[in-house]
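J.: Next up is a structure, given as structure tokens.
Nothing in this text is a laboratory measurement; each read-out follows from the coordinates by a stated rule. Please read all numbers here as calculations on a predicted model, not as lab measurements. Here Cβ is always computed from backbone atoms with ideal geometry, including for glycine, and neighbour counts include all displayed protein chains.
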Amino acid sequence: MPLTTTTAPRTPGAGPRRLFWHRLILGLWYRPVEVLDEARDRSVWGAAMFLCLLCGALGTLAKDSFWAQWDVSPSLALQAMAIGSAVILLASVLLGLVTHAIARRLGGNGRVGPTASLFVLVFWTTDLPRLVLDVWMSESSVPVRAAASVTTAFGCALATLLIRGQHHLPTRKAVASVSIQMVAVVALLKFPPGSG
């Protein structure tokens with residue numbers, strides 16, 4: 001009886017591990033380098049949009065004008081919250097696209113989807129503690145302003161790491177790619193005029 005040789009069926013190569021939202025958002029706080037490396041070349045628009053809408057809602061809840069409107073008409077107050085969250089979402093997407101465009105202008109070679117969506121995710125993930133505190137305390141209180149300072153520094157550092165990895169840029173060019181937008185948004189959101 002002739003011997004027959006059979007080859008074992010080829011197993012498909014293991015694809016990239018799925019990144020769940022909680023791993024993305026929480027992981028940026030306790031293992032940011034690993035998470036950013038794992039998320040490289042992946043678009044995370046779902047998590048970024050969810051976080052934008054959540055942070056927009058928290059930011060609205062922190063405003064006295066929302067509660068004044070709530071006393072008059074809860075439905076109108078909720079409509080204002082929805083509109084505000086949508087505006088935050090659109091502005092955040094534009095912010096991510098501008099960051100990508102500047103990085104490409106400085107010689108980067110990253111893709112637009114991963115860069116823009118991860119930038120939005122990094123920005124709002126690091127701002128979440130300040131927003132939660134702002135709901136319960138005045139924006140001029142010491143804990144809120146301290147949280148704003150710490151999360152600003154952390155957000156800038158993570159955004160720089162993100163752009164450096166996505167676009168293979170040196171650190172100074174990565175800083176230049178994110179600095180203008182970060183300074184502008186921080187001045188308008190975290191330390192708005194008249195909040196001191």
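J.: Based on DSSP H assignment, which helices of the chain show an axial Cα extent of at least 15 Å together with a mean Kyte-Doolittle hydropathy greater than or equal to 0.5?
T.: 45-61, 74-105, 112-136, 142-167, 171-185
J.: Highest GNM mean-square fluctuation, the chain, Cα pairs closer than 10 Å: which of 64, 41, 134?
T.: 64
J.: Taking only DSSP H segments of four or more residues, each worth -39500 (n - 2.57), what value at 222 nm results for the chain once the sum is divided by all its residues, to the nearest 500 deg cm²/dmol?
T.: So the calculated ellipticity at 222 nm is -24500 deg cm²/dmol.
J.: Looking only at 184, 62, 91, which one moves most when the chain is put into a Gaussian network model with springs between Cα atoms under 10 Å?
T.: Greatest mean-square fluctuation among the candidates belongs to 184.
J.: Here's another thing I want to ask about it. Treating the beta-carbon of each Lys and Arg as +1 and of each Asp and Glu as -1, no other charges, what is the dipole magnitude of the chain about its Cα centre, to the nearest 20 debye?
T.: Magnitude of the dipole: close to 800 debye.
J.: Additional query: For the chain, state the average projected area of the convex hull of the C-alpha atoms over all orientations, rounded to one decimal in nm².
T.: Working: hull surface 66.0 nm².
About 16.5 nm², averaged over all directions.
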